[in-house]
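Novice: Below is one structure. I have some questions about it.
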Amino acid sequence: MTVVATKSAGEVKDFSINWTPDLGTDTISSSTFAISLPGPSITQSTNTTTQTTVWISGGVPGTFYQVTNTIVTAGGRTLTKTFTLEVLATNNL
């Protein structure tokens, strides 16, 4: 997954991953998120049977982070996806 997502350092922003194409008839039982470097914080994460969501705050402006989501399915599979998060200095409105 080579998605580049952005947020400003002062934002708390949510990011979602749709796992439906990977699941077939299987469903998500649990989900965890990890960030590659210190700086941003995971403030909350949730999941449904097909989608995961993480809320991220903080981070160092100008820094790129790898955010990895690992799920375990009802069928016993462990799957991961990673996206790149760029933290911007200000909110680009």
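The values are calculated or read from the model by the stated rules, or taken from the named source; none is laboratory data. None of the values given here were measured: they were computed from a predicted structure. For neighbour counting, all protein chains shown are included, and Cβ atoms are generated from backbone atoms with ideal geometry for every residue, glycine included. With ligands, DNA and RNA removed, areas are computed over all heavy atoms of the protein, side chains included. Shrake-Rupley method; radii C 1.70, N 1.55, O 1.52, S 1.80 Å.
Novice: Would you be able to tell me the number of residues in the range 21-41 that are of a type in the set (Val, Ile, Thr), surrounded by fewer than 15 Cβ atoms within 10 Å (Cβ to Cβ) and under 19 Å from residue 6 (Cβ atoms)?
Specialist: 0
Novice: Follow-up. What is the residue count in the range 11-40 for residues that are more than 14 Å from residue 66 (Cα to Cα), assigned to a loop (DSSP other than H, G, I, E, B) and touching a residue at least 12 places away in the same chain (Cβ under 8 Å)?
Specialist: So the answer is 4.
Novice: Further question on the same structure: If you scan the range 9-23, which residues turn out to be among the small types (Gly, Ala, Ser) and modelled with pLDDT of 95 or more?
Specialist: Matches in the range 9-23: 16 only.
Novice: Residue under question is residue 90, and the condition is that it be at pLDDT below 95 and among the hydroxyl-bearing types (Ser, Thr, Tyr); does it hold?
Specialist: Yes; evaluated as a whole, the condition is true for this residue.
Novice: Aliphatic (A, V, I, L, M) and touching an Asp or Glu at 6+ places or on another chain (Cβ under 8 Å): does that describe residue 85? Can you show your working first?
Specialist: Details: aliphatic (A, V, I, L, M): yes; touching an Asp or Glu at 6+ places or on another chain (Cβ under 8 Å): no.
No; evaluated as a whole, the condition is false for this residue.
Novice: Okay, moving on. Would you confirm whether any residue within the range 48-62 is without any contact (Cβ under 8 Å) to a residue 12 or more places away in the chain and either among the acidic types (Asp, Glu) or farther than 16 Å from residue 85 by Cα (or both)?
Specialist: No, the conditions are met nowhere in the range 48-62.
Novice: Any idea how many residues of the range 50-84 are under 9 Å from the mean Cα position of the chain (by Cα) and either open to solvent by less than 20 Å² (accessible area, probe 1.4 Å) or on the phi > 0 side of the Ramachandran plot (or both)?
Specialist: Number of matching residues: 7.
Novice: With respect to residue 15, determine if the residue is aromatic (Phe, Trp, Tyr) and open to solvent by 60 Å² or more (accessible area, probe 1.4 Å).
Specialist: Criteria not met by residue 15.
Novice: I would also like to ask the following. Within the range 67-78, does at least one residue satisfy the condition of being within 16 Å of residue 4 (Cα to Cα), among the charged types (D, E, K, R) and at pLDDT 95 or above?
Specialist: no
Novice: Right, another one. Could you figure out which of (1) modelled with pLDDT of 95 or more; (2) closer than 22 Å to residue 90 by Cβ; (3) part of a loop (DSSP other than H, G, I, E, B) isn't true of residue 56?
Specialist: Checking residue 56 against (1) modelled with pLDDT of 95 or more; (2) closer than 22 Å to residue 90 by Cβ; (3) part of a loop (DSSP other than H, G, I, E, B), the one that fails is (3).
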